[in-house]
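**Q** Quick one: the structure is below, and I'll ask about it shortly.
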Amino acid sequence: MIKKILFLLLFILLVTLSIFPRITEVVAHNYIFGFDQGRDFLAAKSIIVDHKLTLIGSEWGAGSAGLTGLFHGPGYFYFLSLAFVLFAGDPYGGVVFMFLLGILTIILSFFIGKKLLGLFGGYIFALLVAISPPLIGQSRFFWNTYPSSPLILMVFYFTYRINMHRKRLDILLASFFSAFIYNFQTGIAIPLCIALIIYTVLLLRFRKLKDIGTLIAGFVLGFLPFFLFELRHNFQGVLGIIAYIFADKKTDVTLLFLQILLKDHLNSFIYAIFDSFPNTNLPWWVLASVIFLPLFYFWYKEEDRNIRFFLIYLFIIPFIAFTVFAPLRNSVYPYYLRELTFIILFFFAYISSRAIRFRNTLVLSVVSVLFVWFLALALKNSYLVFVADVKDYGGGAKIKGKIDAIRFIYDDAKGKPFNLLVFTPPVYTYPYDYLLWWYGQKKYGYLPGSEKKGNVYLLIETDHEKPWTYKGWLETVIKDGKVVDTITLPSGLIVQKRTL
């Protein structure tokens, strides 16, 4: 009876913590719509409306990673295209899709955790995924990396099955999903592919040509758009990687390597791993001790050979990722390392389930206190964030601020033709271009021009770090004409009306 009550409470907690912190933007209909979101919905429009299919997605690092000619796969654009169709071009569809993917990720976490760790382990793993801050953030707005989460779980599941069943279908699916993640984040896909090769070939000692061929076939299928694009464009991505590796470095190589490796990259990995839990203000090394010391102890005592090998596979992934990113001469961002979130959460669920199985009172007491602390923080934060964000206007970063600015300009023009020029810190005006096409044209029946003549409206999005930068634009690019009026909207966006 006590077990039934406990599992009922865990189920209620799981449902509450799955939905409540993730549904804010779905309820408020107000969500971030910036550079990336505008660019990606324009790509979806190009696929659906203009019938232009593509073999590539967004450029690595949005073009600022120092690598040229390299792109994520096109899968995310086609994913958004489905939302585009079902919601008639409304970007709100992207938010709904990401919310549903977030719930799917938690459901998968439960079933995979239950399969590998038992019912209690499944609940713990799913609850940890439900309250993980970066995973909550993934459900609240759409971005190309975020749909990778359920795919990471699928990679883990089929990799676990490889040693258990030794079926080639599991090898094929594990390698396919490892590679297919490049459609959303190549920085996740490459370490997972390398880890799978090391795991199957070196640890499990797969030597049969059919097994190796199946592994390669999965990778080829997953990366197929990349190979096709490279063949059509004379291997520009491969040449870009070669140029990056052998680029002339003015800074001393040894010093640069040590600075990035020890200060920047390592800190990024530590942050990405331990930011996976609600912030307890514990030093990372304390949390690491609580998790990794019992982990090694229970792994040593583990009787299930499949779990033992699977834990080795999970453990080597961070080291492979670190090696892969070591040559990178810019920051390693946490979203490059999202697989590490699932790894550390699984480790916590594993030691919790094994503390119960081996009746280790000390470990069970420590992880129970920590787990209850996590839940309490998550419940508190979920409530406070929901109450604050559901009514947050969001300034110019969110969709309502941008729509209100466009509406203001159209209403002020009173149906007469006008020209519109936009200034944004990222330079590219993707979000406004899309909203003018989707909202402005649909509601008012026409699109503004972009010439410097007649009635001209200037829509200005200030840079919060350098709020004066738009003045240079006004003094150089837009320096003619008579200023009729300048208004700062509630969103913080500035509208200036001129006649030229």
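**Q** Rg over Rh of the chain, using C-alpha atoms and the Kirkwood radius, what does it come to? The partial results should precede the final answer.
**A** Numbers: Rg = 25.2 Å, Rh = 25.0 Å.
Here Rg/Rh amounts to 1.01.
**Q** Under 8 Å for C-alpha pairs, at least 6 residues apart: give me the relative contact order for the stretch 2-389, rounded to a whole percent. Walk me through the intermediate numbers first.
**A** Values: 475 pairs, mean separation 78.7, N = 388.
For the stretch 2-389, the relative contact order is 20 percent.
**Q** Within 10 Å of each residue's Cβ, count the other Cβ atoms and sort W285, W438 from fewest upward. Before the final figure, lay out the partial values.
**A** Working: W285 10, W438 19.
So the ranking, lowest neighbour count to highest, is W285, W438.
**Q** Still on this structure, I have one more. Can you classify the stretch 425-484 as rounded, prolate or oblate using the Cα gyration tensor, where a ≥ b ≥ c are the square roots of its eigenvalues, rounded means a/c under 1.5, and otherwise it's prolate if a/b beats b/c and oblate if not? Don't skip to the answer; put the middle values down first.
**A** On the way: a/c = 2.67, a/b = 1.33, b/c = 2.02.
Cα axes put the stretch 425-484 in the oblate bin.
**Q** Among M164, M98, M154, M1, which comes first, then next, by fewest other beta-carbon atoms within 10 Å?
**A** Details: M164 15, M98 26, M154 19, M1 5.
Going from least to most buried by this count: M1, M164, M154, M98.
**Q** Viscosity 1.567 mPa s, temperature 4 °C: Stokes-Einstein D of the stretch 132-216 from its Kirkwood Cα radius, in µm² per second?
**A** Values: Rh = 13.4 Å.
For these conditions, the coefficient is 97 µm²/s.
**Q** Through the Karplus equation 6.51 cos²θ - 1.76 cosθ + 1.60, θ set to phi - 60°, convert the phi angles of the stretch 434-439 into ³J(HN,Hα) values in whole Hz; use x for Gly and Pro.
**A** Ordered by residue, 3J(HN,Hα) equals 5, 5, 5, 5, 7, 8 Hz.
**Q** For the stretch 2-389, build the charge dipole from Cβ charges (+1 Lys, Arg; -1 Asp, Glu) around the Cα centre, then report which of T54, S149, F206 sits farthest towards its positive end.
**A** Value: F206.
**Q** For the cross-link pairs K45/K416; K400/K442; K3/K301; K400/K482; K45/K402; K380/K400, which exceed 24 Å when the distance is taken from alpha carbon to alpha carbon? Kindly include the intermediate steps, with their values, before the conclusion.
**A** Details: K45/K416 27 Å; K400/K442 16 Å; K3/K301 26 Å; K400/K482 29 Å; K45/K402 19 Å; K380/K400 27 Å.
Flagged as over cut-off: K45/K416; K3/K301; K400/K482; K380/K400.
**Q** So what is the diffusion coefficient of the stretch 395-499 in µm² per second by Stokes-Einstein at 37 °C and 0.692 mPa s, using a Kirkwood Rh over Cα pairs? Each step should come with its number before you reach the end.
**A** Details: Rh = 13.8 Å.
It comes out at roughly 237 µm²/s.
**Q** Another one. For the stretch 297-348, what Kirkwood radius comes out of the mean inverse Cα-Cα distance, in Å? Could you put the intermediate results ahead of the total?
**A** Details: mean 1/r = 0.0799 Å⁻¹.
Taking every pair of different Cα atoms in the stretch 297-348, averaging 1/r and inverting gives 12.5 Å.
**Q** Using a simple charge model, +1 on the beta-carbon of Lys and Arg, -1 on the beta-carbon of Asp and Glu, nothing else, what dipole does the chain show about its Cα centre, in debye to the nearest 20? Could you put the intermediate results ahead of the total?
**A** Details: 47 positive and 30 negative charges, 229 e Å.
Computed charge dipole of the chain: roughly 1100 debye.
**Q** Next question, about the same structure. Is the shape of the stretch 78-195 best called rounded, prolate or oblate, per the rule: a/c under 1.5 gives rounded, else a/b larger than b/c gives prolate, else oblate, with a ≥ b ≥ c the square roots of the Cα gyration tensor eigenvalues? Before the final figure, lay out the partial values.
**A** Details: a/c = 2.19, a/b = 1.39, b/c = 1.58.
Note, shape of the stretch 78-195 comes out oblate.
**Q** When DSSP assigns beta bridges and you keep just the ones with both residues in the chain, what percent turn out antiparallel, to the nearest 5?
**A** Values: 14 of 20 bridges.
Just about 70 percent of them are antiparallel.
**Q** For a test of the definition: using alpha carbon positions, the gyration tensor, and the 1.5 limit on a/c, classify the stretch 284-440 as rounded, prolate or oblate. Write down the numbers at each step before the final one.
**A** Details: a/c = 4.16, a/b = 2.28, b/c = 1.82.
In terms of gyration-tensor shape, prolate.
**Q** With everything on Cα atoms, drop me the angle between helix 2-19 and the longest principal axis of the chain, reported from 0 to 90° to the nearest 10.
**A** Helix 2-19 sits at roughly 20 degrees to that axis.
**Q** Could you go through the stretch 172-183 in sequence order and give the Karplus-derived ³J(HN,Hα) for each residue, using 6.51 cos²θ - 1.76 cosθ + 1.60 with θ = phi - 60°, rounded to whole Hz, and x for Gly and Pro?
**A** Per-residue couplings from phi come out as 4, 5, 5, 6, 5, 5, 4, 6, 4, 4, 4, 5 Hz.
**Q** Something else now. Using the Karplus curve 6.51 cos²θ - 1.76 cosθ + 1.60 with θ = phi - 60°, work out ³J(HN,Hα) for each residue of the stretch 453-462 in order, rounded to whole Hz, and write x for Gly and Pro.
**A** Couplings: 7, x, 7, 10, 9, 10, 9, 10, 10, 6 Hz.
**Q** In nm, to one decimal, how far is the modelled label at I212 from the one at V387, with both set 7 Å along Cα→Cβ?
**A** 6.2
**Q** Right, another one. Under a 5 Å amide H to amide H cut-off, with H placed in plane at 1.01 Å, what residues pair with L420 once short-range neighbours are removed?
**A** G449, S450, E451, Y457
**Q** Evaluate 2.2 N^0.38 Å with N set to the residue count of the stretch 123-163, then give the Cα radius of gyration divided by it. Each step should come with its number before you reach the end.
**A** Values: Rg = 12.0 Å, N = 41, 2.2 N^0.38 = 9.0 Å.
Relative to the rule-of-thumb radius for its length, the stretch 123-163 sits at 1.33.
**Q** Once you list every other residue whose beta carbon is under 14 Å from the beta carbon of V238, what net charge do they have if Lys and Arg are +1 and Asp and Glu are -1? Numbers along the way, then the final one.
**A** Values: positive: R232; negative: E230.
Taking every Cβ under 14 Å from that of V238, the sum is 0.
Here, each number is a calculation from the coordinates, and none is a lab measurement. Since the structure is predicted, the reported quantities are computational estimates derived from the model, not experimental observations. Methodologically, a virtual Cβ is constructed for each residue, glycine included, from the backbone with ideal geometry; neighbour enumeration extends over all protein chains shown.
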